[in-house]
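Notes to accompany the following structure.
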Amino acid sequence: MRRILLSAVLLLASCGTVAAQTPAKPAPARAPEPPLRRWFEFQQFVLSTRYRFIRNSADVTTSNHMQYREQIRFRVNVDAKKRYTLNAGVFTGTQYIASWNNLGPGTGDFDGKSHYLRQLYVSATPVTGLEGQVGSLFVSRGEQTEYSSYDDDGWVAGGRVSVRRPKSFYFDELSLTRGVVASTTTPNLWKRWDDLDDLNYTQVLAAKRFTPVVAASMDYTKHGQTDTLRAAMSLRFKAGSPLSALRWEQYARFSESDAAGFVVTAERPVTKWVRLQGGYATVDERYGGLNADRIQRGRRVFAIANVPIHGPLSASVFATHALDADYTISNKTRFDAVLAWDVLSSLRSTGKF
């Protein structure tokens, strides 16, 4: 365990010695924003449907059906410089790790009721590079992903202070989050405000982009009686390289059940349009079940193919298979085929949003 932690610290520290790449060309000037965006703007608006198949380690098929999902994030801007905002996130799904509803075909009945406000928070940036947030927040992960951290659909109710002033503090981001992660089967924000009476979550995170190629982060998280140290590094290569991206992430947990795990993911375009990701994950038996529902626990291989179709329409395919273990694995074999419509892209193409 000590070797794992030492390796994580040394890796993050040594990233600064990687040679810098040729500076990127200046970005072109942005077009003026639509007037509506002065007051209101979407940050995400995606509608999706998928076919999902899951078989557990007892060789029982638990899911074989169609589902649908909505992901809507928006903010209301109080001032013209957007330093003070009210932010919200509305999603389908009934759990911390799930933002999909059953569509009807296949296992399970149609669910047209599970649409919830999961996130709602106030953000204030009184000076450049200093931001405070209070409310039901999204999880901060740096270069870590939901595979070895908390699910993308999850929340932290409480407060966060972030400093993004690398010229003064070296790191691109330093943040402190204090709050609560609880009521994981109650996505409805209005029914879990009482969770704030018993704070159980603290996170300290540091992130740094060393060069256009190398970025890394580390964080310490205390959730309940469990202490977890996480570290991640991502490499983003130039066009024409054998790989377009490579990510390593690792965690070490300190509690009554000490354990560690890691995830390695590689990405490359296989054609002009298709992007392929593949990797290996090992997540220990007692991790807690709040990481990505596609991964959860166990040792497994996985692959993802992302395919643009036309304009705001895209498709993706995900497949994973876990190796044998002496404990139950709920998703030993899983296959997802997703069709998504980026509604926000369509709205912005009108020039009004």
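The values are calculated or read from the model by the stated rules, or taken from the named source; none is laboratory data. Every value quoted in this text rests on a predicted model; they were computed, and no experiment measured them. Every residue, glycine among them, receives a Cβ derived from its backbone with ideal geometry; neighbour counts consider all protein chains shown.
A few comments on the model shown:
- Residue match in the stretch 46-56 (condition: of a type in the set (A, V, I, L, M, F, W, C), out of contact with any helix residue (DSSP H, G or I) (no Cβ under 8 Å at 6 or more places or on another chain) and at pLDDT 50 or above): yes
- Odd one out for Ser345 among (1) in contact with a helix residue (DSSP H, G or I) (Cβ under 8 Å, 6 or more places away or on another chain); (2) part of a helix (DSSP H, G or I): (1)
- Every residue from the stretch 282-304 that is of a type in the set (Ser, Thr, Tyr) and more than 23 Å from Val181 (Cα to Cα): Thr282
- Set Thr202, Thr211: member being within 13 Å of Val180 (Cα to Cα), among the hydroxyl-bearing types (Ser, Thr, Tyr) and more than 16 Å from the chain's Cα centre (by Cα): Thr202
- Verdict on Asp293 being part of a loop (DSSP other than H, G, I, E, B) and charged (D, E, K, R): yes
- Across the stretch 187-209, a minimum of one residue is classified as touching a helix residue (DSSP H, G or I) at 6+ places or on another chain (Cβ under 9 Å) and more than 26 Å from Tyr96 (Cα to Cα).
- For the criterion of being touching a Cys at 6+ places or on another chain (Cβ under 9 Å) and farther than 30 Å from Ser314 by Cβ, Lys222 fails.
- Looking across the stretch 222-242 at every residue that is without any contact (Cβ under 8 Å) to a residue 40 or more places away in the chain and touching a Leu at 6+ places or on another chain (Cβ under 8 Å), the one that is farthest from Gly279 (Cα to Cα) is identified as Phe237.
- Restricting Leu5, Leu12 to those that are farther than 30 Å from Gly132 by Cβ, at pLDDT below 95, surrounded by 11 or more Cβ atoms within 10 Å (Cβ to Cβ) and within 26 Å of the chain's Cα centre (by Cα) reduces the list to Leu5.
- Count of residues meeting criterion [surrounded by fewer than 20 Cβ atoms within 10 Å (Cβ to Cβ) and touching a Phe, Trp or Tyr at 6+ places or on another chain (Cβ under 9 Å)] in the stretch 166-181: 1
- Failed condition for Trp193, given (1) of a type outside the set (Gly, Ala, Ser); (2) at pLDDT 95 or above; (3) touching a strand residue (DSSP E or B) at 6+ places or on another chain (Cβ under 9 Å): (2)
- Any chance Val283 is within 19 Å of the chain's Cα centre (by Cα), crowded, with 17+ Cβ neighbours inside 10 Å and either small (Gly, Ala, Ser) or under 22 Å from Ser149 (Cα atoms) (or both): yes
- Extreme residue, surrounded by the fewest Cβ atoms within 10 Å (Cβ to Cβ), among residues of the stretch 62-97 that are more than 20 Å from Ser162 (Cβ to Cβ) and of a type in the set (Ser, Thr, Tyr): Thr62
- When Ala303, Ala315 are checked against the criterion of being over 18 Å from Ser48 (Cα atoms), in contact with a Leu (Cβ under 8 Å, 6 or more places away or on another chain) and part of a strand (DSSP E or B), a single residue qualifies: Ala303.
- The one condition in (1) touching a Gly at 6+ places or on another chain (Cβ under 9 Å); (2) in contact (Cβ under 8 Å) with a residue 60 or more places away in the chain; (3) more than 14 Å from Tyr150 (Cα to Cα) that Thr184 fails to fulfil: (3)
- Of the strands (runs of 3 or more DSSP E) lying entirely inside the stretch 30-121, those carrying at least 2 residues that are of a type in the set (Val, Ile, Thr) are 40-55, 61-77, 84-92.
- Ala245 being surrounded by 15 or more Cβ atoms within 10 Å (Cβ to Cβ), touching a residue at least 40 places away in the same chain (Cβ under 8 Å) and under 19 Å from Thr145 (Cα atoms): no
- Selection status of Gly261, part of a strand (DSSP E or B) and under 19 Å from Thr145 (Cα atoms): yes
- Within the stretch 253-286, tally of residues that are β-branched (Val, Ile, Thr) and modelled with pLDDT of 95 or more: 5
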